[in-house]
1. Could you tell me which residue of segment 107-162 is surrounded by the fewest Cβ atoms within 10 Å (Cβ to Cβ), considering only residues that are free of Cβ contacts under 8 Å to residues at least 40 places away in the same chain and of a type in the set (G, A, S)?
2. Report yes if L150 is closer than 24 Å to I293 by Cβ and touching a strand residue (DSSP E or B) at 6+ places or on another chain (Cβ under 8 Å), otherwise no.
3. What are the residue pairs meeting all of these: first residue in segment 211-226, first residue without any contact (Cβ under 8 Å) to a residue 60 or more places away in the chain, second residue surrounded by fewer than 16 Cβ atoms within 10 Å (Cβ to Cβ) and not in a helix (DSSP H, G or I), Cβ atoms under 9 Å, and 6 or more apart or on different chains?
4. Somewhere in segment 273-280, is a residue in contact with an Asp or Glu (Cβ under 8 Å, 6 or more places away or on another chain), at pLDDT 95 or above, loosely packed, with under 15 Cβ neighbours inside 10 Å and farther than 22 Å from L31 by Cβ?
5. How many residues are small (G, A, S) and in a helix (DSSP H, G or I) if we restrict to segment 264-313?
6. Counting only residues that are of a type in the set (D, E) and modelled with pLDDT of 90 or more, give me the helices (runs of 4 or more DSSP H) lying completely in segment 83-179 with at least 3 of them.
7. Looking only at segment 241-262, decide whether some residue is modelled with pLDDT of 95 or more, crowded, with 17+ Cβ neighbours inside 10 Å, under 16 Å from the mean Cα position of the chain (by Cα) and assigned to a helix (DSSP H, G or I).
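The values are calculated or read from the model by the stated rules, or taken from the named source; none is laboratory data. These numbers were taken from a predicted model, which means no experiment stands behind them. Backbone-built Cβ (ideal geometry, glycine too); neighbour counts: all protein chains shown.
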Amino acid sequence: MESNKSSTASAAVYYKENDFDKNSMDRILNLMRLKELCLVNNQRLVSHVLENTALHQPVVYNTFFSAMSNALDILLMFFINDEISASLNNRGPLGELLVGVLELNRKNDPSNLLKYAFEDVQKNFCERVDFLIGSALLDFVVATYSNFELWIEKIYDSIVDVQGKENLRLTSFVKYFEECKINKDFVADKNALLFILKEYGSYVSGSEKIEYVLARADLRYKRNKTFDLDVIKFYQALRNTIHNGGVNKKNNSMSITVRGVEIRLPKNMPSSTDDRNSYIYLCEELVEIYQSIIDSTDGATAHCCVALNESLV
């Protein structure tokens, strides 16, 4: 009986034709540095918890830092894989891979030639690379800010003075209500009613929770709170552009400078910058803000900073 020949016997040989792009290498390096910061802070936090908590080993744990490290992996792998293929002659086995996929499709669904999909995928490796980088960075912003918001909310739930906050809302409401009665026909003023519902209702927005937590950080907080609040608000505005295809529809023009590089968010436009590493720098600021918060906020303890579960292994 004739034996099957190894599929590697006739495999094409690809060689490194182009030097690695410096801009791509810088982005990979900065993502690696950010990952290192996250993992070091994660180890520090978890070690502290394990030292002060009676737990059976081994344990499975999740933290803000481990989640941030995971959130940057897709972007990191995108840059690494794209740079590897870009350095090879004809992008290495890319063509061979796509042809193989088409042959597999013909066997399974001969009527669908994937003509348009095949042409569009080819464009992704030439004329649309810049667009894909921008799209990947926006996904990165969405994932990392959502993670920040999630873990800050855990701290908020742990430290919030519910009675004090409700008393403050009630006092503010009464004051505004009295001003409305004096200055206008309160009952007939729809805008006044909507304002009260928005400002003094029971719902607490993510922004309110973040500002509350940041305000509770004490003198151990060594960073500039004004700058940090600007970072958070800008990051949030960037994240919210996902609802409008990456375009800033809801805010006036904004900008922020990190590591000497400006990120611009013009009204009715997508964000732009002269150095896309700035988005990674901005994320690093967010990581350091969270670290500073848990280092300087009473009540930001293990139960709200680490999610622990005993391993099933």
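1. S111
2. Values: closer than 24 Å to I293 by Cβ: yes; touching a strand residue (DSSP E or B) at 6+ places or on another chain (Cβ under 8 Å): no.
No: the conditions fail for L150.
3. Pairs found: Y212/V204.
4. Looking only at segment 273-280, we keep the residues that are in contact with an Asp or Glu (Cβ under 8 Å, 6 or more places away or on another chain), and these are 273-274, 277-278.
Still in the running and at pLDDT 95 or above: 273-274, 277-278.
From what is left, the residues that are loosely packed, with under 15 Cβ neighbours inside 10 Å are 274.
Filter again for farther than 22 Å from L31 by Cβ, leaving none.
No, the conditions are met nowhere in segment 273-280.
5. Of the residues in segment 264-313, 4 are small (G, A, S) and in a helix (DSSP H, G or I).
6. Where helices (runs of 4 or more DSSP H) fall fully within segment 83-179 and carry at least 3 residues being of a type in the set (D, E) and modelled with pLDDT of 90 or more, they are 129-159.
7. Yes, segment 241-262 contains at least one residue that is modelled with pLDDT of 95 or more, crowded, with 17+ Cβ neighbours inside 10 Å, under 16 Å from the mean Cα position of the chain (by Cα) and assigned to a helix (DSSP H, G or I).
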